[in-house]
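The values are calculated or read from the model by the stated rules, or taken from the named source; none is laboratory data. What you see is a predicted model, and the numbers here were worked out from it, not measured in a lab. Cβ placement follows ideal geometry from the backbone for every residue including glycine, while neighbour counts extend to all protein chains displayed.
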Amino acid sequence: MLPDLFQSSQQYKKFFTESLLDLLDSDQLGVFILVLANASIQAQIQRPLDPALKLRFSQLSQQLQTLSNKQLQKIPPDDLAVFRQLEQLGYENLEPGQQKFLGVWQLQFNQLRSFRPARNSQKTITELHQPFDHNGFHFNKPFLAKEILWQGSLEKIPVRFLFNKFPFADYHTLVLLHPESNKPQFLHSEDCAEMQQVMQSLSSLYGLGMAYNSLGAFASINHQHWQCFVREQAYPVELACWTHNGGELPYPVNVESFLSLQEIWPRIKTLQQQNRAFNLFMRADRGYLAWRKSQGTYQHAGWTSGFAWSEIMGNITALRRVDYDQLDSAKIVREFESLKIEA
């Protein structure tokens, strides 16, 4: 039987928000950052959590002042670095997320995401398949246990939902199939078949979507994971105006639509064999596969940290206020053109 939180999108959103509030009891800096980041981009989450977040920030700042250097070294370095940036900025000065339209494109301002550790997203990737690194960052690290939203079986498939620590989509989670298997960020036919099954089992979640970044397409972690969101509003790639949806306008990057992951699997297999970076975006009844230049093989604009699945599908993240205020459609299209692979 389907767990209660997956019975409807309303129940899922309620469970998501309540779980964030429960996490504020934790003394882990990383957990606090996760809750703050999820609240800061969605007003419906931030409003009920803001008083508790403000108090917890003050408490954690005071606790850090009492720790010795030896105790500080036990805190994950990335978490400590992000929290120190928050202290320098000041809780009251952290700007909430904002969104607007630029023609067909969607633009969001996400200040806290600018603090995110780069990990693999800043490396030049020439091989899409790389061995799993047990010593590197991965999702089975013990300190990530508190960041699990839910885990169990769906369609007899072991599944884990983790909060996204630096989210950029509504009710944003990371989804791992067979999480203990420690598979690298590389797909096989059974991965696609099982994700299709999982999505079908979650059909009661209106607005559900799944996305995937290959290595080279700004996947930051080499542990196989999908990105899940619940958002009723269409992404620009889903609009009827584009040729891949039967319209007349060509999309500014190579993209094709499909009805299921099994249908598109042969194309994914070919791209992986060619070491060609790609991004996937899936809804319940349609999906999109985009292939593009690999990170490090082209120079992306200074206003972006790189186009991953959300940007490729038309929802652009600006990390600085000046970019959010000054960006226009022409600059967005030029960025698409810089990573497009010509036939």
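Before moving on, here are some points about what is shown:
- Residue in segment 311-318 that is under 20 Å from Gln224 (Cβ atoms), out of contact with any helix residue (DSSP H, G or I) (no Cβ under 6 Å at 6 or more places or on another chain) and surrounded by 13 or more Cβ atoms within 10 Å (Cβ to Cβ) present: yes
- Only one of the listed residues (Lys100, Lys54) is surrounded by fewer than 19 Cβ atoms within 10 Å (Cβ to Cβ), of a type outside the set (S, T, N, Q), in contact with a strand residue (DSSP E or B) (Cβ under 7 Å, 6 or more places away or on another chain) and at pLDDT 90 or above. That residue is Lys100.
- Members of segment 82-112 that are among the charged types (D, E, K, R) and part of a loop (DSSP other than H, G, I, E, B): Glu95
- The criterion of being touching a residue at least 12 places away in the same chain (Cβ under 8 Å), closer than 23 Å to Pro167 by Cα and not in a helix (DSSP H, G or I) holds for Tyr206.
- Scanning segment 133-189 for residues being of a type in the set (S, T, N, Q), under 19 Å from the mean Cα position of the chain (by Cα) and assigned to a helix (DSSP H, G or I) gives a total of 0.
- Any helices (runs of 4 or more DSSP H) falling wholly within segment 1-81 and containing at least 2 residues that are among the aliphatic types (A, V, I, L, M): 9-23, 29-40, 43-65
- All positions within segment 138-194 that are under 22 Å from Gln7 (Cα atoms) and of a type in the set (A, V, I, L, M): Ile148, Leu149, Leu154, Ile157, Val159, Leu162, Ala169, Leu174, Val175, Leu176, Leu177
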